Amino acid sequence: MATSIFFFVLLFTTVLSRTTPDNASRTKILDVSSSIQKTHNPFSVDSSLNSLKHKENQISSSLLSFQLHSRVAVRGTSHKDYNSLMLARLERDSARAKSLQTRVDLVVQGIGKSDLKPMETEFREIQAEEIEGPIISGTSQGSGEYFSRIGIGHPPSQVYMVLDTGSDVNWVQCSPCADCYQQADPIFEPASSSTFSPLTCETQQCKSLDVSECRNDTCLYEVSYGDGSYTVGDFVTESITFSGSSSVENVAIGCGHNNEGLFVGAAGLLGLGGGALSFPSQINASYFSYCLVDRDSDSTSTLEFGGATPPNAVTAPIIKNSKLDTFYYVDLTGISVAGNMLSVNPTDFEIADNGDGGVIVDSGTAVTRLKTDVYNTLRDEFVKGTRHLPSTNGVALFDTCYDLKSMKSVEVPTVSFHFSNGNELALPAKNYLIPVDSSSTFCFAFAPSSSSLSIIGNVQQQGTRVSFDLVNSLIGFSSNQC
């Protein structure tokens, strides 16, 4: 009898030890109260330059510092409530996703540099060691989602620049302006910089542009985005200074005299893409990383050049799209919900021979987009695991929402990305079930896309240091490394 009891206890203990960790990996706890509290932050942050500079000085590092800030931290918000702020974000995000898909569509259609025509009207108007920088979450300006304070020229003029892994060309608004949008800082004045140097038409930098024109042996550039935004001006070299005193010289950058679109607030854009004209490529960076702070906070993090992937990082292979070198494609092979792999076609994540499809990691898109069939499967599986939660009407592009009033925390299914090297990235619950108002309405933060391009957006990246090992072609995800 004693032997039987001992065997039963041993069996029960063994089963318990196998199932408990498994059950823990199947669900996550969402802190509803904390998430709702953060929706009040955008309306109370101090976005003054003095406040931001103080926060930047508080970040210490052996590396030179580029601080990253959220939009809210840079400029506050003019919205009266969180719901209207979120709707504006989602509208911008739809424009962003459209612009990326337009870029891919041009490649798929076989439209190359020789086929692109510059905006003649705009060109005519133009005639009249290791580096690190702070990151700010950009959600309250009209432009990108995250910004950094960057010095342009010598002596350096400090301006806020959008950080964008989906772009290559760096540019800043320049005087004189034929048409410039409103920005937080004074417009850059080329005449005040001793390092400002126009590029000639025969330079490799000029030849690397998708759209360029030669005028009096001076290179003119144009970058247009799928959402209707554009910048046109002189293509030059300048010095770039980070939070400390260190700088890099002769960086090719657009000096935009005619600029329009969703860039209100920021002075320009720092391209972090994989093309020849991106900032990492120009300084021959072998590694860079960023950590995106909460979009509703005024805290800061960093953009760093140099270093190595943290040992605890979940890594995934970067794969090349032979038709398009700007985007960072990741070798995603599957998605699981509550530990169960979705039944989807593996080709849904692959890059086609014509350059279409694939999955990119993007700092500028907020909400992760998946092909419609993949999204529907993901959503349906998630809904199965949240039947205990009261559902409510969809909001904007979100079709799966919940009313979590009077709930302090809830248990939700784990959502994980799986990569070709066998690694799994389990997302924090707050990165896929997010508040859309201050009244406890939460929505599943994924969206369907009618295009073949899938995008892992910055909502899913928040609070995670995302590293790009360009030598070993690996993207790393390190939780709580901001």
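The values are calculated or read from the model by the stated rules, or taken from the named source; none is laboratory data. Every value quoted in this text rests on a predicted model; they were computed, and no experiment measured them. Here Cβ is always computed from backbone atoms with ideal geometry, including for glycine, and neighbour counts include all displayed protein chains. For accessibility, only protein heavy atoms count, side chains too; no ligands or nucleic acids. Shrake-Rupley method; radii C 1.70, N 1.55, O 1.52, S 1.80 Å.
Checking LEU470 against (1) open to solvent by 40 Å² or more (accessible area, probe 1.4 Å); (2) modelled with pLDDT of 95 or more; (3) within 16 Å of the chain's Cα centre (by Cα): exactly one of these is not met. Which one?
Unmet for LEU470, out of (1) open to solvent by 40 Å² or more (accessible area, probe 1.4 Å); (2) modelled with pLDDT of 95 or more; (3) within 16 Å of the chain's Cα centre (by Cα): (3).
Which condition does SER479 not pass, out of (1) touching a strand residue (DSSP E or B) at 6+ places or on another chain (Cβ under 7 Å); (2) open to solvent by less than 20 Å² (accessible area, probe 1.4 Å), if it passes all the others?
Among (1) touching a strand residue (DSSP E or B) at 6+ places or on another chain (Cβ under 7 Å); (2) open to solvent by less than 20 Å² (accessible area, probe 1.4 Å), the lone unmet condition for SER479 is (2).
Only one residue in ALA313, ALA252, ALA267 is touching a strand residue (DSSP E or B) at 6+ places or on another chain (Cβ under 8 Å), open to solvent by 10 Å² or more (accessible area, probe 1.4 Å) and not aromatic (Phe, Trp, Tyr), so which one is that? Before the answer, list the steps.
Details: ALA252 fails: open to solvent by 10 Å² or more (accessible area, probe 1.4 Å); ALA267 fails: open to solvent by 10 Å² or more (accessible area, probe 1.4 Å).
Just a single option satisfies the conditions, and that option is ALA313.
Looking only at the stretch 337-386, filter to residues that are over 22 Å from the mean Cα position of the chain (by Cα) and among the small types (Gly, Ala, Ser); which one of those is farthest from TYR402 (Cα to Cα)?
ALA352
Checking the structure you have, find out if any residue of the stretch 111-125 is more than 16 Å from the chain's Cα centre (by Cα), over 14 Å from ARG295 (Cβ atoms), surrounded by 18 or more Cβ atoms within 10 Å (Cβ to Cβ) and at pLDDT below 85. It would help to see each step written out before you state the result.
The first filter runs over the stretch 111-125 and keeps only residues more than 16 Å from the chain's Cα centre (by Cα), leaving 111-125.
Checking the rest, the ones that are also over 14 Å from ARG295 (Cβ atoms) come to 111-125.
Going one step further and asking which of them are surrounded by 18 or more Cβ atoms within 10 Å (Cβ to Cβ), we end up with 122-123.
If we keep only those that are at pLDDT below 85 too, we end up with 122-123.
Checked the stretch 111-125: at least one residue is more than 16 Å from the chain's Cα centre (by Cα), over 14 Å from ARG295 (Cβ atoms), surrounded by 18 or more Cβ atoms within 10 Å (Cβ to Cβ) and at pLDDT below 85.
Looking at (1) under 18 Å from VAL344 (Cα atoms); (2) more than 22 Å from the chain's Cα centre (by Cα), which is the only condition GLY394 fails?
(1)
If you go through the stretch 408-426 one residue at a time, do you hit one that is small (Gly, Ala, Ser), under 22 Å from the mean Cα position of the chain (by Cα), surrounded by fewer than 21 Cβ atoms within 10 Å (Cβ to Cβ) and within 28 Å of ILE351 (Cβ to Cβ)?
So the first thing to find is which residues in the stretch 408-426 are small (Gly, Ala, Ser), and the list is 409, 416, 420, 422, 426.
Narrowing further to those that are under 22 Å from the mean Cα position of the chain (by Cα): 416, 426.
Now restrict to residues that are surrounded by fewer than 21 Cβ atoms within 10 Å (Cβ to Cβ): 416, 426.
Filter again for within 28 Å of ILE351 (Cβ to Cβ), leaving 416, 426.
Checked against the condition, which is being small (Gly, Ala, Ser), under 22 Å from the mean Cα position of the chain (by Cα), surrounded by fewer than 21 Cβ atoms within 10 Å (Cβ to Cβ) and within 28 Å of ILE351 (Cβ to Cβ), the stretch 408-426 yields at least one hit.
Any residue in the stretch 422-440 that is closer than 13 Å to VAL395 by Cβ sitting within a Cβ distance under 7 Å of a residue that is of a type in the set (S, T, N, Q) and modelled with pLDDT of 95 or more? List the pairs, counting only those 6 or more apart or interchain.
PRO435/THR441
Cβ contacts < 8 Å: first residue under 16 Å from LEU199 (Cα atoms), restricted to the stretch 218-229; second residue open to solvent by 20 Å² or more (accessible area, probe 1.4 Å) and modelled with pLDDT under 80, any location; separation 6+ or different chain. Result?
Filtered contacts from the stretch 218-229: LEU220/PRO118; LEU220/ILE126; GLU222/PRO118; GLU222/MET119; GLU222/GLU122.
Could you please find all residues in the stretch 161-177 being part of a loop (DSSP other than H, G, I, E, B) and closer than 9 Å to GLY268 by Cβ? Lay out the reasoning, then the answer.
Filtering the stretch 161-177 down to residues part of a loop (DSSP other than H, G, I, E, B) leaves 165-170, 175-177.
ASN170 - this is the single residue of the stretch 161-177 that is part of a loop (DSSP other than H, G, I, E, B) and closer than 9 Å to GLY268 by Cβ.
Could you please find all residues in the stretch 178-227 being outside any strand (DSSP E or B), hydroxyl-bearing (Ser, Thr, Tyr) and closer than 23 Å to GLY273 by Cβ?
Step one: of the stretch 178-227, the residues outside any strand (DSSP E or B) are 178, 180-182, 184-187, 189-196, 199, 201-211, 216-217, 225-227.
Filter once more, so that each one left must be hydroxyl-bearing (Ser, Thr, Tyr): 181, 192-195, 203, 208, 225.
The answer is TYR181, THR203, SER208, TYR225.
If I filter the stretch 129-149 for residues that are modelled with pLDDT of 55 or more, surrounded by fewer than 21 Cβ atoms within 10 Å (Cβ to Cβ), of a type outside the set (D, E, K, R) and under 23 Å from the mean Cα position of the chain (by Cα), do I get at least one hit?
no
Here's the yes/no breakdown for (1) of a type outside the set (Val, Ile, Thr); (2) touching a helix residue (DSSP H, G or I) at 6+ places or on another chain (Cβ under 8 Å); (3) on the phi > 0 side of the Ramachandran plot:
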position	(1), (2), (3)
GLY274	yes, yes, no
ILE283	no, no, no
PHE288	yes, yes, no
LEU292	yes, no, no
THR302	no, no, no
PRO310	yes, no, no
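Failed condition for THR237, given (1) of a type in the set (S, T, N, Q); (2) under 17 Å from GLN282 (Cα atoms); (3) at pLDDT below 95, with all others met?
Against the list (1) of a type in the set (S, T, N, Q); (2) under 17 Å from GLN282 (Cα atoms); (3) at pLDDT below 95, THR237 comes up short only on (3).
Name the one entry in LYS384, LYS371, LYS405 that is basic (Lys, Arg) and crowded, with 18+ Cβ neighbours inside 10 Å.
Numbers: LYS384 fails: crowded, with 18+ Cβ neighbours inside 10 Å; LYS405 fails: crowded, with 18+ Cβ neighbours inside 10 Å.
Testing whether each residue is basic (Lys, Arg) and crowded, with 18+ Cβ neighbours inside 10 Å leaves just LYS371.
Residues in the stretch 160-175 that are open to solvent by 10 Å² or more (accessible area, probe 1.4 Å) and closer than 15 Å to PRO198 by Cα: how many?
So the answer is 1.
Here's a check for you: in the stretch 422-471, which residue that is in a loop (DSSP other than H, G, I, E, B) and among the β-branched types (Val, Ile, Thr) is farthest from ASN321 (Cα to Cα)?
It comes out as VAL436.
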